[in-house]
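Computed from the coordinates by the stated procedures, all read-outs in this text should not be read as laboratory data. Just so you know, these numbers come straight off a predicted model, no measurement behind them. Using ideal geometry, Cβ is built from the backbone for each residue, glycine included, and neighbour counts are taken over all protein chains shown.
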Amino acid sequence: MKRSAVLLCLVLLAAGVCSACAQVAASATTRRFSLTAGGTVSLFQPDFEGGYNGSGYPIAQADIQPLIGVGAFVDVKFTRWVQLEAEGRWQRFHAFEGITEDNYLIGPRVPVLRFWKATVYGKALGGYSNMNYGYGNVGPYTTIAFGGGMDLKLNRRLSLRAADFEYQYWPTWEGSKLSPYGVSAGIGYRIF
């Protein structure tokens with residue numbers, strides 16, 4: 001009887017060890033890396049209306065009418081906190097006296113708050129911009145941009161870029177400084 005009890009205890013102990021090993025595996029995993037690409041429509045104040053000073057240099061001043069443009073963006077998510085955004089914007093519609101702007105920017109993106117199906121984020125981008133003064137393209141001009149916005153997840157693949165606000169700073173614009181600002185909205189598709 002003693003041998004039966006010892007054998008029963010050893011079998012139960014071995015079964016407990018096997019089931020304890022099964023508890024080590026995670027019950028769920030999430031994909032860390034993702035790539036989202038999308039398109040936007042934007043409305044920007046170009047900060048230049050075509051005025052020049054006595055020396056022939058352009059003067060930064062609020063434009064009479066904002067520029068309307070289209071754009072594309074790519075968001076790369078490495079982890080929850082390590083993200084990268086690249087964007088191109090071609091603001092060529094509703095131009096005053098033929099003045100248009102193109103932007104090509106890249107930089108970090110940080111999710112600030114997540115609630116419901118929305119993600120509020122901030123971003124700091126750098127790159128260059130070109131400007132058409134009505135008679136031809138001039139540039140590239142160094143561009144630094146700060147902004148943020150909100151993405152709303154529609155389903156597993158699609159997201160709505162409800163609003164993306166951006167303030168740009170062009171420190172080397174024609175011997176002066178330029179500060180365009182605006183808002184964009186669009187839709188994104190998560191590739192993987």
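Tell me which chymotrypsin sites (Phe, Trp or Tyr not before Pro) from the range 78-166 have a DSSP coil assignment and no more than 13 other beta carbons within 10 Å of their own.
Counting only loop positions with at most 13 other Cβ atoms within 10 Å, the chymotrypsin sites (Phe, Trp or Tyr not before Pro) in the range 78-166 are 78, 81, 116, 135.
Could you list the GluC sites (Glu not before Pro) in the range 90-192 that lie in coil according to DSSP, counting only those with at most 14 other Cβ atoms within 10 Å of their Cβ?
97
Under 5 Å between amide H atoms, partner at least 5 residues away or on a different chain: which partners does residue 48 have, H built in plane at 1.01 Å?
Distant-sequence amide H within range of residue 48: 61, 63.
When only DSSP loop residues count, what trypsin sites (Lys or Arg not before Pro) in the range 133-192 have their Cβ near at most 15 other Cβ atoms within 10 Å? Please list the in-between numbers first.
Details: sites: 153, 156, 157, 161, 177, 190; in loops: 156, 157.
Loop-located and lightly packed - 156, 157.
Could you tell me, in Å, what Rg and Dmax come out for the Cα atoms of the range 34-190?
For the range 34-190, the Cα-based Rg and Dmax read 16.3, 57 Å.
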